[in-house]
Every structure is written in structure tokens, then in C-alpha cells.
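Here is the structure we will look at, set down as C-alpha cells.
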Amino acid sequence: MRGNRISLKTAFARQIRGMKIWHKQLPGRISAIVLSRLFTKGTPFVTVFLSARILNALVAGRESKEIWTLVGITLGVTCLLGALGACLNRWKSSQEEEIWYQTEKILDDKQASLDFVDADSQRIADLAAQIRQNHQWGGRGLRRVLSNLEDFTDAAVTALCGIALSAELFVLPVRDGKLSFLNHPLFVLLILGTMAASALLSGRFANFADGAWSGYAADARLGNRIFGAYGNFAKDHKRAMDIRIYRQDKITTHYMEQGDIFTEGSPIAVRYRGMVGLSYIAAEGMQAVMSGIIYLFVCLKAWAGAFPIGSATQYIGAVTGVFTGISGLIVCLETIRTNGEFLKDTYEFLDTPNSMYQGSLTTEKRSDRQYEVEFRDVSFQYPGSDNYALRHVSMKFRVGKRLAVVGRNGSGKTTFIKLLCRLYDPTEGQILLNGIDIRKYRYDDYMAIFSIVFQDFQLFAMPLGENVATSASYDRDRARDCLIKAGFGDRLKTVSLDTHLYKDLDKNGVDVSGGEAQKIAIARALYKDAPFIILDEPTAALDPVAEAEIYSKFNDIAGDKTAIYISHRLSSCKFCDEIAVFDGGSVVQQGTHEELVAEKGGKYYELWHAQAQYYAKEA
Ligand code: ADP
């Protein structure tokens, strides 16, 4: 079950904030809901009012001219209101499809703009999963803000119209003396009290039933996550081979059934068969009984001569409206409150601050690419970790040169790159670009000077050219040129820039091998044409021939850019102007291959000989 109940004031504040978010995201949505519901719910009351006038005129035997005038007015007004309502509903419906997309967009835009340190954190991952779970489970969260507004408008319009058309019912005097008690203030109070009490109770029963569902959300989280992870498992063609060889369907089915939220015996199903089901019956039953009381009261008053029979139809419709409107409002207030509790997660996520976006300096767009980067005594701990991934790293890059970063696994190479391109900020020390702390630059401006091929790069199920340019409109010659430089030239004979990668969106899409994907990722880095190009293990997935090809052309590929190159294979670093050797988070050596290999007892010497020995043995 959810934790502390929030006050109605807090719930309303959250509902209103949600409405403001929607007003910004989908302009006109709030007005479309309020106006269309106002017409949809209000029009029947106008019709009932006018019909009652016609009936009364008929019963009173008025002239046919007067009756025809009334019929004409009724038809005209009903048609006009109906047409207006239909237009408004059309406006509202036309936006309906977009709501799903826009809800995701609000969350995705925030996710994409988060500081990397947050995007990479478990806290945010849990929060984002919880928000999606809230949406899936009973539609709680931002989307519900809109349906709450709809329900609230419906209930308020129904109750207000009902009150307007029924108020006089309670004061119109009866003519029949035997039924004069119908006018007695105490009797009127009794009727009003019964109506109010049943409206409240009926709302409470409905709330209880609804609360059981939303209260179960937190308990169902595990089950839903299991469903998210394994529900579509068998459809994933990338897993098709593993599924068959290892019969993974059996273990996933085991997990699916363990969650036990989709089966007949699940706790929620049991509750629906028990108290929840009874509450729904009680809520409906209450309404039926109340309808009976309303009919009785109105008909008795009509019988006692308080008003003509035509007005009776108006009062019955109107008092029923008051009753359903008030019980609807009770249900709605509760839904606003429950949803407010769920919105807490959404707002906590949306309010995650961007501390990396504080800088205001623009990076100079230097045509000479004379950028100089310096690490000044930089140390770094990953959030939540007690260990230093980097320790007292000081280093300057010479612009336009090729720097190789080598070291054993876990020595800090990737962390060094992540700090350089500001995915994280140093825990201690400074990184300077042209003498200025990189935190003082505009974040997106600073990011723009780097092209990186990470080891775990991702390509899209889009045409090849769009993958390279990361844009739907791009310079085709440049994209082709970058692919050729990255060693993809031969493959371009069989696929074009318009060929889709993978078959997700196009049945004629092509699957690419790991090596080909890596070449495309390198081409993408080249297309960005940033002053710094960083390749993290760029040839790990390439075959030896392709690897040799990339190395031999690396100078060409990097052109006038400053290139940083992380590699395990020391032989591939020989051509670099400078090599930085990482060990245990520190730079332990720096120099050219010749200088470093000559330092007997040094780390580079040790690594070089370990690998050379391996190759010799292999040969
Ligand atoms: P390399 O690239 O040289 O293999 P890394 O820079 O990836 O090394 O890792 C350096 C150290 O930081 C290792 O001890 C690693 O376990 C740790 N580390 C890397 N990423 C994280 C992370 N996201 N959270 C905590 N520790 C990490």
C-alpha cells in the first residue's frame, strides 16, 4: 500500500501543477476538456428543462401556436448546443492520441536532459521505473491529471445544473392537505440529508473499491517489472537462438508466474471477488435506492398539486443529477488525492536539478582547432563509491596530436574519458580548456567539441545515412565519405545510405556484424567533425585485416583533430605521438612508445612484454 495520505490541499496543488504542465505541453487541452464536458453534461439539462415546459403546456391545454413555438425553441436550442458540443468533442478527441505520446515525451525529455551522473544512477532508474509502473497500473500520474479534470468537470456541471433545476422543488407548496408534511421543513431536511448521506456513502464505497486497486500498485511493482522484462521475451528475435538452445522460455515462464499478479489466484483478483466487489455493488445499489426515493418524493409532490406533471420530469432528472454529481465529486476528490500521492514520484523526477548546466561561457569556435586541455591534479570517486577511480591525474594534451591511453582493465582509462567530456565532474582538482575550468562553459557547448566512440555504442533502427549523421536531413556525400574513411567502403557496394539498419522498422533492413557496426560508429564520430575524437577500444570487434586497415589510416581519419585512443593492444598505439600509461587510477608513465619501452621495470615495459610474449607463443 502507499505510504502517508496527503492533504486535499497538497493533492490539489499537485493536480494544478499537472494541469499547468499539460497546458504547456499540449496547448488547448485544458480548455478542450472543460468546454467539451460543459456542453456534453450541460445540454441534457437544458433539454429536460425545455421538454418540461412543452409537457406543462400540453397538460394545461395551451394554444397550439404556443406549443409549436416551444417545440421550435427546444429543437433549435438542442440542435445548436448539440452541434457546439460535437465540435468541442471533436477538438478534444483529436488530441486524445497525442496524450500517450506527450506523457512519454515529458518524461523522456527530462531523462535526456539529466546530468549524466543522474541518468546513470540507480535512484533515477528506480524512480523512472516507478513512474511508468504508476502509469501502467491504473493510469496514475500525469495522464490521470487530465482524466481527473474531465471527471471533476462532469461531476461539477451535473451537480450545479441539477441544483439550478431542482432548487424550487423543495419549496413549492403542496395543495393537498393530507400531503402537507411534504412541505414541512423537517421533512425537506430529512430528504436532503438522506440524499447527501447516500451520495457521500455511494462515493465512499466507490472510493474503497478504487483504492484497493491503486493501493495494490506498490505490491504489484515486482510483478510488473517481471512482466516488463519477460512479457515480450519470446518476440525478441535477437534472443531467438538462445531461447532455443537453452530453453530460456521455461525459466522466464517460471519468473512470470512467480510474480502472480496476472493469475486468477492473485491477491487483487481475490480482493475483487470479496470486499471490493461488494463495495461496487453497494455503491450501485445506493444509487438505485436513491433513485426510488427521488421518484417517490417528486411524484408525491406532483400528485399533491405542487407543480404540473411536466415539471416532475425536470425535477426527477435534476435531483438525480444532484445526487450523481455529488457522489461523482466525492469519487473525484479521492482520485485527485490518490493521484497526488503518485504524482510525488513524477515531480521528484521532473525536479531533479541540472547542476552541470550552470556554466555560461561559450566555447570559442576556433577554426584553427587550437584547443588545449589540461587535467590538474584530478581525483574522482564514482557516486556512492568509497574508492578512487582516478587519483591525482595531471596531464596536458598537445593539440592536434594523437594520445594513446593504455593500462589494464579497471585502471581508470574510461573514467578519464568520462571526466574529459564532462559526463562526470572531478571530485577534486580541475580540468581546464584553454586555461578555463570546463565547469564555466555552457554544458552543451562544451559537449559539442567531442566525438566519441564508446565501447558500448548504440546504433538505431534507421537508414544507414541517418545513423551516421544522427539527423534525418544530412549531407550524403559527407556521410559516404566518413563511411569510406571508417573502412565501410566495400559494404557500401551492397547497401546504400537509405538502407535501414536492422529489421525493426523495415523488412528489407540489414543486420550488420559487430565489426561493421563499429565502423558505422566511427563514421558517425567523423561526421560530427568535432575538434576532439576519442576512440575507446575502437577495433575490439574488428577482424585483424580491418583492424590493420584502421590503424594504417588512423592519421588520415583523425586529420587535424586531437585524437585520444584507448586500447588494450599496445602494438596498436605505437603510431601515437604520446602514450599515457594508467595503473590503479593514476598516470604512471607518459612518453612515446620508444621512450616507454626502453624504461625497463616500468609498467609499459611489463605490459608490452606480456603481450609480445603472448603473440610470440601464438606465432
Ligand atoms: P578501464 O577503462 O581502465 O577498464 P574504468 O575507468 O572503467 O577502467 O574503471 C576504473 C575503476 O572505476 C574500476 O575500479 C571500476 O570498477 C570503477 N568503476 C567504473 N565505473 C564505475 C561506476 N559506474 N560506478 C562505480 N565504480 C565504477
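The values are calculated or read from the model by the stated rules, or taken from the named source; none is laboratory data. Note that this is a predicted model, so its numbers are computed, not measured. Quick reminder, even Gly has a Cβ in these numbers, built from the backbone with ideal geometry, and neighbours come from all protein chains shown. Side chains are part of the model used for accessible areas, which takes the heavy atoms of the whole protein and leaves out ligands, DNA and RNA. Shrake-Rupley method; radii C 1.70, N 1.55, O 1.52, S 1.80 Å.
Cβ neighbours within 10 Å, averaged per peptide: list 92-102, 327-337 in order, most packed at the top.
On the way: 92-102: 13.5, 327-337: 21.7.
Taking the mean over residues of other Cβ atoms within 10 Å, the ranking is 327-337, 92-102.
Only Cα pairs under 8 Å and at least 6 apart count here; give the relative contact order of the range 372-612 as a rounded whole percent. Reported as a whole number, the value is 26 percent. Rounded to the nearest 5, the antiparallel percentage of DSSP beta bridges internal to the range 372-612 is 45%. Mind scanning Lys41/Lys110; Lys519/Lys600; Lys485/Lys528; Lys396/Lys440; Lys238/Lys413; Lys238/Lys528 and naming the pairs with a C-alpha gap bigger than 25 Å? Pairs exceeding 25 Å: Lys41/Lys110; Lys519/Lys600; Lys238/Lys413; Lys238/Lys528. Based on protein heavy atoms only, the chain ends up with 51 Å² per residue of surface accessible to a 1.4 Å probe. In this structure, the amide hydrogen of Ile579, modeled 1.01 Å from its nitrogen in the peptide plane, lies closer than 5 angstrom to those of Ala404, Gly591, Thr592, counting only residues at least 5 positions away or on a different chain.
For the range 82-122, the share of alpha carbon pairs falling in successive 10 Å distance bins from zero is 25, 28, 21, 15, 9, 2 percent.
What the Kirkwood sum gives for the range 372-612 is a hydrodynamic radius of 18.9 Å, with every pair of different alpha carbons counted.
Across all directions, the average projected area of the convex hull around the alpha carbons of the range 174-274 is 11.1 nm². Solvent-accessible area assigned to carbon and sulfur over the range 372-612 amounts to 48 percent, based on a 1.4 Å probe. Considering only Ala283, Asn339, Val319, the residue lying farthest towards the positive end of the dipole of the range 274-394 is Val319, judged by Cα position with unit charges set on Cβ.
In order along the range 159-173, phi translates into HN-Hα couplings of 5, 5, 4, x, 4, 4, 8, 10, 3, 5, 3, 7, 10, 4, x Hz, rounded to whole numbers, per the Karplus curve 6.51 cos²θ - 1.76 cosθ + 1.60 with θ = phi - 60° and x for Gly and Pro. Long-range amide H contacts for Gln381: which residues qualify at under 5 Å (H placed 1.01 Å from N, peptide plane, sequence gap of 5 or more or a different chain)? Amide H neighbours of Gln381, under 5 Å, 5+ apart: Ala389, Thr427. Using Cβ point charges alone (K and R +1, D and E -1), the dipole size of the chain about the Cα centre works out to roughly 1660 debye. Taking all protein chains in place and a 1.4 Å probe, what share, in percent, of the accessible surface of the range 1-88 do carbon and sulfur account for? In the range 1-88, the share of accessible area belonging to carbon and sulfur is 70 percent.
Using R0 = 35 Å, the C-beta based FRET efficiency linking Arg376 and Asp109 works out to 0.50. In order along the range 190-198, the phi-based Karplus estimate (6.51 cos²θ - 1.76 cosθ + 1.60, θ = phi - 60°) of 3J(HN,Hα) comes to 4, 5, 5, x, 4, 4, 4, 5, 5 Hz; Gly and Pro are listed as x. Considering only alpha-carbon pairs that sit under 8 angstrom and 6 or more positions apart, the relative contact order computed for the chain is 15 percent.
Across the range 552-567, coupling constants 3J(HN,Hα) worked out from phi with the 6.51/-1.76/1.60 Karplus curve, θ = phi - 60°, read 5, 9, 4, 4, 5, 4, 6, x, 8, 7, 7, 10, 10, 9, 9, 8 Hz, and Gly and Pro carry x.
Applying both filters, DSSP loop and at most 10 other Cβ atoms within 10 Å, to the GluC sites (Glu not before Pro) of the range 198-304 gives Glu264. Once every Cα of the chain carries one equal point scatterer and solvent is ignored, give the base-10 log of I(q)/I(0) from the Debye formula at q = 0.12, 0.13 Å⁻¹, two decimals. Taking Cα atoms of the chain as identical point scatterers yields -1.30, -1.41. Amide H to amide H distances under 5 Å link Arg442 with Ser360, Leu361, Thr362, Thr363, where only residues 5 or more positions off or on other chains count and H is placed in the peptide plane.
A dipole drawn for the range 14-159 from +1 and -1 charges on Cβ atoms has a positive end, and of Gly18, Leu58, Leu146 the residue lying farthest that way is Leu58.
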